[in-house]
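Chemist: Once you've had a glance at the structure underneath, I'll fire off some questions.
Every number in this text was worked out from the coordinates using simple rules, so none of it is lab data. It should be emphasised that the depicted structure is a prediction, and the values quoted were computed from it without experimental measurement. Please note: Cβ atoms are built from the backbone with ideal geometry, for glycine as well, and neighbour counts cover all protein chains shown.
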Amino acid sequence: MDLEQSKKSAELTITFLCDSGCSALRNMSVAQGMRCATVRLSNGLSIPILGLGTSSYGGYSHDAIVYALTECGVRHIDTAQQYDCEEKLNKSIRESGLPRSDLWLTNKLWPMDYGYQAAKKACLHSCALMGVEYFDLYLMHWPGSMKLGSSNREVRAETWRALEELYKEGVCRAIGVSNFKIHHLEQLEEDCNMVPHVNQVEYHPFQQPTHMIEYCHEKGIVFEGYCPLARGQVLSNPTVHQIAEKYGRTPAQICIRWSIQVVTLFRYSLPHPKLNWPEAYACVNTV
């Protein structure tokens, strides 16, 4: 998948964030007091295993975010500079009334702002837009860069050194990458001082980068999967339906539970008309 395809995939996932989806979410039972399991990063921090992705193109549902935070126990929000909703998330989080310390906020740096100075400036700007002093996790969104005159490897290393400093300064409590392949991670290890805490990669029954998962485990990198329902494609898969009927679960629950048993973390863009947060949390805590 190239950079343009990545942008397109983000556009597809944002279709889950719509008024109709929010209405469907409201019609489901409220999950008061639910708590999500966590995964320990190499630096000792614990990240909620289930994350709410906010995606980018197509719109933003303020009501859906507030509802997920206040009624469904969601505490892990995943966004990105490229999604263009940081200020909107600021408003949604403030309206939820939840203290900053109760939330895990993940943000991502877009390649347009790669480079040492640009990366540090972009991170601080994103903090200002979201009304926070720090991010719990900050990721390089893509291994390629848009910076002319330097190789991608040089720009990645320069950018990663900026993230290392942001980590040491406390602006980012953990740092990582997204969509990186094994050779990108190997180069980063050779060129810089810190190994990423997280690598966020697309993962679902139709796309299983087994070698990447094994590599991350060997290096102490938490593998975080996104698009666990393959943008809805797995929901109509006959095999998934057979398994769901066998165990008395929905196809979405089966896929999410499968992801959790195979992958450490995953991020899901909600609300999807066929999945709600009480349902998602139920599959996290049941076999």
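Chemist: Sticking to Cα atoms, compute the Rg of region 92-225 to one decimal and its Dmax as the biggest Cα-Cα distance, whole number, in Å.
Modeler: Here Rg and the maximum Cα pair distance are 15.1, 46 Å.
Chemist: Provide, as a two-decimal number, the C-alpha radius of gyration of region 117-162 over 2.2 N^0.38 Å, N being how many residues it has.
Modeler: That ratio works out to 1.25.
Chemist: Counting Lys and Arg as +1 and Asp and Glu as -1, what is the net charge of the other residues whose Cβ lies under 11 Å from the Cβ of ALA128?
Modeler: After counting each charged neighbour, the total is -2.
Chemist: Please report the base-10 log of the normalised intensity I(q)/I(0) for region 84-132, using a Debye sum with one equal scatterer per alpha carbon and no solvent, at each q in 0.13, 0.32, 0.33 (1/Å).
Modeler: The computed values of log10 I(q)/I(0) come out as -0.33, -1.25, -1.29.
Chemist: Length gain on complete extension for the stretch LYS121 to MET194, per 0.36 nm per residue less the alpha carbon to alpha carbon distance?
Modeler: Length gained, LYS121 through MET194: 24.2 nm.
Chemist: Treat each spin label as a single point 7 Å out from the Cα along the C-beta direction, and report the ASP84 to THR210 distance in nm.
Modeler: Those two pseudo-labels are separated by 4.1 nm.
Chemist: Once phi is turned into ³J(HN,Hα) by the Karplus curve 6.51 cos²θ - 1.76 cosθ + 1.60 with θ = phi - 60°, what whole-Hz value does each residue of region 81-95 show in order, with x for glycine and proline?
Modeler: 3, 5, 6, 6, 9, 5, 5, 5, 5, 3, 5, 5, 5, 4, 5
Chemist: Ratio of alpha-carbon Rg to the 2.2 N^0.38 Å globular estimate for region 43-283, to two decimals, please.
Modeler: 1.01
Chemist: With +1 on each Lys and Arg Cβ and -1 on each Asp and Glu Cβ, and nothing else charged, work out how big the dipole of region 43-283 is about its Cα centre, in Debye to the nearest 20.
Modeler: 360
Chemist: On to the next question. Which percentage, to the nearest 5, of the DSSP beta bridges contained in region 43-283 is antiparallel?
Modeler: Bridges in region 43-283 are about 5 percent antiparallel.
Chemist: Mind giving me the nanometre distance, one decimal, between the label points for THR38 and LYS168, set 7 Å out from Cα along Cα→Cβ?
Modeler: 2.7
Chemist: Here's something else I'd like to know. In Å, what is the Rg of the alpha-carbon atoms in region 122-200, and how long is Dmax?
Modeler: 12.4, 36
Chemist: Would you mind calculating the relative contact order of region 186-249 from Cα pairs under 8 angstrom and at least 6 residues apart, reporting the percent as a whole number?
Modeler: Reported as a whole number, the value is 32 percent.
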